[in-house]
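Shown next, in structure tokens, is the structure this report addresses.
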């Protein structure tokens, strides 16, 4: 199928899906009034700002800790490796919501921290690190063993081999899953609402409760999340294409 | 006798149940070319990989110019830098061009970024016109020649060839063997694991026949090929010649 024809099909399918959604809503005789959302636009913008801030900072924390987790899991020393394994298993196996509640209501008082936003962001970062750490580790391990041996046989040190041979190859394979993780994290910030952080979801809830226009309030919030996540998907696809020098054939089942 | 360039002394290596090398002694003098032949799994690759510590012997020791490879004072990285290795599956760095493949190790290990030397090496193996091409776009024969240039860039004291033509299409074997022949003529010390009996006969000073991790027989190619003393050598040669 040619590219332009494929694009046409994609646009068509999208139009049909949205048409059906809107049609179904029309049949339900629901009337729409986004006036209350507009009246509360200040709340939404404030919430969106907090959501963005939380996403970015938590992601940076996640990446930084994730490097440590990956290095630990790839370590030659057994007990360090096991620490990495433990981290991933414990953090990844617990629901984020439970971690957030545990951190804010359980641990934060013990160490005398009371800032909801700080506790929330750090907890999300710690959570994200379990995933980014796994992504980094898998990316490094996906590089063929022969690459490592060729580099070492030339006299490169472990560090040089990692920096100049393994990571450049691993990096482009990490981009798609790292973007998925950023998208997931964007959505997971909505759970900060549970510990009282005023982010985008909290803004929608407040607007809905105040105006009784619940549907509109959440539709707008959902739309705003999508405005963040969909461009990220496109960016990831673009980067993947630009960095991938091995031309990939699409595989269709 | 002077100190051998490469020496394995009583080297054994076991992988689980498999005894890849059993008490192997090899001495290779400077400038000598030794070709290791034998069936798959006979230990040829493991032997070569022990020379630059890609494989650690369970027992025995390996020496380069009298310096212990593993426990020596130089350190493994420094020893590896002095031994070139060419792999069956090339293992070129796919994210770098042919030229960058050659310059990477001198740049990082020796701190010399001499592009002219690297280009001369690519010239010598006949792929200078591919200097800016990534490995994906090279043929198997071209890849292996770039890999040889990459190893030579470190000015090694000895070169290890681990079945360098086994992964090549037949029409490309010749171009790689030609480069190896030139290298031999220039006096490079070479340890080659190969199934190319013609090359062994022509270039080798000595042929070693390995089976089940032991050196069964060794000697000048005429002797090993034309008048093998061991029954196992005869059996192997009758299958491959």
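The values are calculated or read from the model by the stated rules, or taken from the named source; none is laboratory data. Given the structure is predicted, the values throughout are model-derived calculations rather than measurements. Cβ placement follows ideal geometry from the backbone for every residue including glycine, while neighbour counts extend to all protein chains displayed.
Restricting attention to the stretch B:151-160, does a residue exist that is part of a loop (DSSP other than H, G, I, E, B), away from chain A (no Cβ under 14 Å) and either touching a helix residue (DSSP H, G or I) at 6+ places or on another chain (Cβ under 9 Å) or modelled with pLDDT of 95 or more (or both)? The answer is no; no qualifying residue exists. The residues on offer are B:58, B:65, and the sole one that is more than 8 Å from chain A (Cβ to nearest Cβ) and on the phi > 0 side of the Ramachandran plot is B:65.
Looking at the stretch B:69-87 only, could you name the residues that are within 19 Å of the chain's Cα centre (by Cα), more than 8 Å from chain A (Cβ to nearest Cβ) and surrounded by fewer than 18 Cβ atoms within 10 Å (Cβ to Cβ)? The one that is within 19 Å of the chain's Cα centre (by Cα), more than 8 Å from chain A (Cβ to nearest Cβ) and surrounded by fewer than 18 Cβ atoms within 10 Å (Cβ to Cβ): B:70. Of the residues making up the stretch B:126-140, those that are more than 14 Å from every other protein chain (Cβ to nearest Cβ), at negative phi and surrounded by fewer than 24 Cβ atoms within 10 Å (Cβ to Cβ) are B:128, B:129, B:130, B:131, B:139, B:140. Are any of the residues in the stretch A:225-236 within 30 Å of residue B:102 (Cα to Cα) and at pLDDT below 95? No, the stretch A:225-236 contains no residue that is within 30 Å of residue B:102 (Cα to Cα) and at pLDDT below 95.
Name the single residue that is farthest from residue B:180 (Cα to Cα) among those in the stretch B:107-125 being more than 9 Å from every other protein chain (Cβ to nearest Cβ) and touching a residue at least 12 places away in the same chain (Cβ under 8 Å). Here the answer is B:115. Picking from residues in the stretch A:161-178 that are surrounded by fewer than 18 Cβ atoms within 10 Å (Cβ to Cβ) and more than 12 Å from every other protein chain (Cβ to nearest Cβ), the one that is farthest from residue A:133 (Cα to Cα) is A:176.
For the stretch B:158-176, what are the residues that are surrounded by fewer than 20 Cβ atoms within 10 Å (Cβ to Cβ) and under 16 Å from the mean Cα position of the chain (by Cα)? Result: B:166, B:167, B:173.
Examine the stretch A:143-154 for a residue that is out of contact with any strand residue (DSSP E or B) (no Cβ under 7 Å at 6 or more places or on another chain), within 14 Å of another protein chain (Cβ to nearest Cβ) and in contact (Cβ under 8 Å) with a residue 24 or more places away in the chain, and state whether such a residue exists. Yes - at least one qualifying residue is present in the stretch A:143-154. The single condition from (1) surrounded by 16 or more Cβ atoms within 10 Å (Cβ to Cβ); (2) under 27 Å from residue B:205 (Cβ atoms); (3) more than 14 Å from chain A (Cβ to nearest Cβ) that residue B:3 fails is (1).
When you check residue B:47 against the structure, is it under 25 Å from residue B:186 (Cβ atoms) and in a helix (DSSP H, G or I), yes or no? Yes, satisfied. No other residue among B:97, B:103 is crowded, with 19+ Cβ neighbours inside 10 Å, within 14 Å of another protein chain (Cβ to nearest Cβ), modelled with pLDDT of 95 or more and under 30 Å from residue A:164 (Cβ atoms) apart from B:103. Just one of the listed residues (A:207, A:186) is at pLDDT below 95 and crowded, with 21+ Cβ neighbours inside 10 Å, and it is A:207.
Residues satisfying the criterion are present in the stretch A:63-76 (criterion: over 20 Å from residue A:174 (Cβ atoms) and out of contact with any strand residue (DSSP E or B) (no Cβ under 9 Å at 6 or more places or on another chain)). Within the stretch B:8-31, is there a residue that is within 14 Å of chain A (Cβ to nearest Cβ) and either at pLDDT 95 or above or closer than 26 Å to residue B:146 by Cα (or both)? The answer is no; no qualifying residue exists. The condition of being surrounded by 14 or more Cβ atoms within 10 Å (Cβ to Cβ) and either modelled with pLDDT of 95 or more or over 18 Å from the mean Cα position of the chain (by Cα) (or both) holds for only one of A:111, A:121, that being A:121. Quick check: anything in the stretch B:192-205 modelled with pLDDT of 95 or more and part of a strand (DSSP E or B)? Among the residues of the stretch B:192-205, at least one is modelled with pLDDT of 95 or more and part of a strand (DSSP E or B), which makes the answer yes. Per the conditions (1) farther than 27 Å from residue B:63 by Cβ; (2) touching a helix residue (DSSP H, G or I) at 6+ places or on another chain (Cβ under 9 Å), the sole criterion not satisfied by residue B:116 is (2). Quick one: which helices (runs of 4 or more DSSP H) sit completely within the stretch A:1-91 and have at least 2 residues that are surrounded by 15 or more Cβ atoms within 10 Å (Cβ to Cβ)? In the stretch A:1-91, the matching helices (runs of 4 or more DSSP H) lie at A:35-39, A:41-73.
Taken over the stretch B:122-150, the residue count meeting the criterion of being farther than 30 Å from residue B:65 by Cα and part of a loop (DSSP other than H, G, I, E, B) is 8.
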